[in-house]
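**Student:** Would you mind keeping the following structure in view while I ask a few things?
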Amino acid sequence: MKQTSRTVETANNRLSYVKLWSTMIIGFLFFLLPIKVDGAWTIPFDVFVSGIQDHFPQMVAFYVLLIILLSAVLSTIAFIQERSNTEWSRDFSYFRTSIPFLIFRLLGAVFAIMIVFNIGPEAVLLPNTGQLMYHNLVSSVAVIVPLGAFFVTLFVAFGGLEFIGTLSKPIMRPLFKVPGRASLDIVASIVASYSVGIYVTNKMYNQSRYSAKESIIIVTCFSSVSIGFFAVVASTLDLLHLFPLIFLSVTFVMIVLAAILVRIPPLSRKPDTFVGEPVEEEQPEGNLFKAALRIGAARAKESNQLFKELFSGLLDGGKLTILILPTILSIGLSAILIAEYTPVFQWIGKPMEPLIMLLGIPDAHLVAPASLVGIAEMFLPALFVVEAAVEAKFFIAVLSLSQVLFFSAVIPLLMEVDVPVTLKDMLILFVLRTLIAMPIIALITHIVF
């Protein structure tokens, strides 16, 4: 009997290692394997998402409309239920929000109807305003979040998170004051999308694997746009020949910014509180790689069946998509309209001109507003400096990609998830990131040119 029990245990341990390795390899191949498509390097996940958007644009457009309308209806029902004194057979509390955000969700529904059916003011329907927001940004998030949640589950549920976290712990904790497992969130943002990275962080926060402080640090310091968007900005500014340099510069600047910002307010003052009982990372003993394998296999052993875990991930991603899409559309489009049709960012950027000139960056009158307009939409700074000198283009490319926080997507997304970051925090952090990054990027610019 003891022999049989030991044999079963050995078989279970082997199966755990098989689950760990197989899901990690599939996940890495899907998110990290570089492949060349139409002469450009990309990853399978991006090909998959782009294929859906490119081959089924009408279907995606109506899918997004359906999700946004569903969000508006469910949010309204949740609002009524919260104020009702009667018993309801179904609980809609997941879709509850504050009155301002209920208005944003309803406004998102109005904007979506206008854009899809081409009705309403021309300013909302133009290619560089409503069409850009709806068919590029919002549609991308609508496809990326549920699919990203589905495939990221391969890492999160079957030990890959623990494996990567254990290997990364000696770097992540001392440098950025976050667990080693946060490295997965960072990789997910860069190779897939900030929305995937934020989804992972939100899930880890709700599972008490991150404290409030850790989760806020991760989403505000590392929710970068994907490598693909780096290429879009570089192409717009005719800087594709400098793409590797831009990517390395942004990576270096973001590492420096994160190391500084976690040590000063507002991030340094955030509480290390957890939603429930903290799930701390296991302390590795002995050989780091062997410890990572052992800890990862132990997590794989506790996981549910593959399809059950994948379905759970897809469901979580779908529910999050319903919450965030209308807010991203309404706030993002409003920010773009302000940037396009008002002189607000020209006024705000005017005091930045002396600093730009002091840093020795040419075309300061173009660079100054471009340095701040990124808070509306990360792509706008590039449009402000298309006619500027190459040094100014490089400076703005690196700065805009390092700012992370913008109203067209990341800020409204973060305001809808459970991570306890406030709008005030994000505005302060945007200003701090910009002011700290500018002299660093100026130095890199002068070295390069």
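The values are calculated or read from the model by the stated rules, or taken from the named source; none is laboratory data. No experiment lies behind these values; they were computed from the predicted model shown. Reconstructed Cβ throughout: ideal geometry from the backbone, glycine too, with neighbour counts over all protein chains shown. SASA here: full protein model, heavy atoms, side chains in, ligands and nucleic acids out. Shrake-Rupley method; radii C 1.70, N 1.55, O 1.52, S 1.80 Å.
**Student:** How big is the C-alpha Rg of segment 144-299 next to the rule-of-thumb value 2.2 N^0.38 Å, as a ratio?
**Tutor:** On the way: Rg = 16.2 Å, N = 156, 2.2 N^0.38 = 15.0 Å.
Rounded to two decimals, the normalised Rg is 1.08.
**Student:** Please report the base-10 log of the normalised intensity I(q)/I(0) for segment 221-296, using a Debye sum with one equal scatterer per alpha carbon and no solvent, at each q in 0.11, 0.21 (1/Å).
**Tutor:** With no solvent term, the Cα-only Debye profile gives -0.58, -0.95.
**Student:** Mind ranking Glu353, Glu285 by accessible surface for me, highest first, 1.4 Å probe?
**Tutor:** Glu285, Glu353
**Student:** As an exercise, find the ratio Rg/Rh for segment 281-357 from alpha-carbon atoms, using the Kirkwood inverse-distance average for Rh.
**Tutor:** When Rh is taken as the Kirkwood radius, the ratio is 1.35.
**Student:** What is the pair-distance distribution P(r) of the chain, computed from all Cα-Cα distances in 20 Å bins starting at 0, with each bin given as a whole percent?
**Tutor:** Calculated P(r), rounded to whole percents: 24, 56, 18, 1, 0.
**Student:** Right, next: If the only charges are +1 at each Lys and Arg Cβ and -1 at each Asp and Glu Cβ, what is the size of the charge dipole of the chain around the Cα centre, to the nearest 20 debye?
**Tutor:** 1220
**Student:** Nearest 10 degrees is fine. How inclined is helix 194-206 to the longest principal axis of the chain, computing both from alpha carbons?
**Tutor:** 50
**Student:** Working from Cα positions, state the angle (0 to 90°, nearest 10) between the long axis of helix 390-402 and the longest principal axis of the chain.
**Tutor:** 40
**Student:** What is the Cα radius of gyration of segment 253-304 over 2.2 N^0.38 Å, N being its residue count?
**Tutor:** Scaled against compact globular proteins, the figure is 1.66.
**Student:** Pop out the ³J(HN,Hα) list for segment 364-380 in order, Karplus 6.51 cos²θ - 1.76 cosθ + 1.60 with θ = phi - 60°, rounded to Hz; leave Gly and Pro as x.
**Tutor:** Running phi through 6.51 cos²θ - 1.76 cosθ + 1.60 with θ = phi - 60° gives 4, 5, 8, 5, 4, x, 5, 5, 10, 5, x, 5, 7, 7, 4, 7, 4 Hz.
**Student:** Which pairs in the list Lys36/Lys213; Lys213/Lys319; Lys177/Lys393; Lys270/Lys301 are over 31 Å apart, alpha-carbon to alpha-carbon? Working shown, then result.
**Tutor:** On the way: Lys36/Lys213 39 Å; Lys213/Lys319 24 Å; Lys177/Lys393 33 Å; Lys270/Lys301 34 Å.
In this structure, Lys36/Lys213; Lys177/Lys393; Lys270/Lys301 lie more than 31 Å apart at Cα.
**Student:** I need the semi-axes of the equivalent ellipsoid of segment 73-118: take the C-alpha gyration tensor, multiply each eigenvalue by 5, square-root it, list largest first in whole angstrom.
**Tutor:** Values: eigenvalues 129, 24, 10 Å².
One finds semi-axes of 25, 11, 7 Å for segment 73-118.
**Student:** When the accessible area of the chain is split by element with a 1.4 Å probe, what percent falls to carbon and sulfur?
**Tutor:** Numbers: 13280 of 19910 Å².
Result for the chain: 67 percent of the exposed heavy-atom area is carbon or sulfur.
**Student:** If you average 1/r over every pair of different alpha-carbon atoms in segment 369-444 and take one over that average, what Kirkwood value in Å do you get? Could you put the intermediate results ahead of the total?
**Tutor:** Details: mean 1/r = 0.0778 Å⁻¹.
Mean inverse Cα-Cα distance, inverted, gives 12.9 Å.
**Student:** Suppose a student asked you for the relative contact order of segment 284-395, using Cα pairs under 8 Å spaced at least 6 residues apart; what percent would you report? Display every interim value, and only then the final one.
**Tutor:** Details: 75 pairs, mean separation 18.9, N = 112.
Dividing the mean separation by the residue count of segment 284-395 yields 17 percent.
**Student:** In degrees between 0 and 90, to the nearest 10, how far off the longest principal axis of the chain does helix 212-221 point, with axes built from Cα atoms?
**Tutor:** Between the helix axis and the principal axis of the chain, the angle is about 50 degrees.
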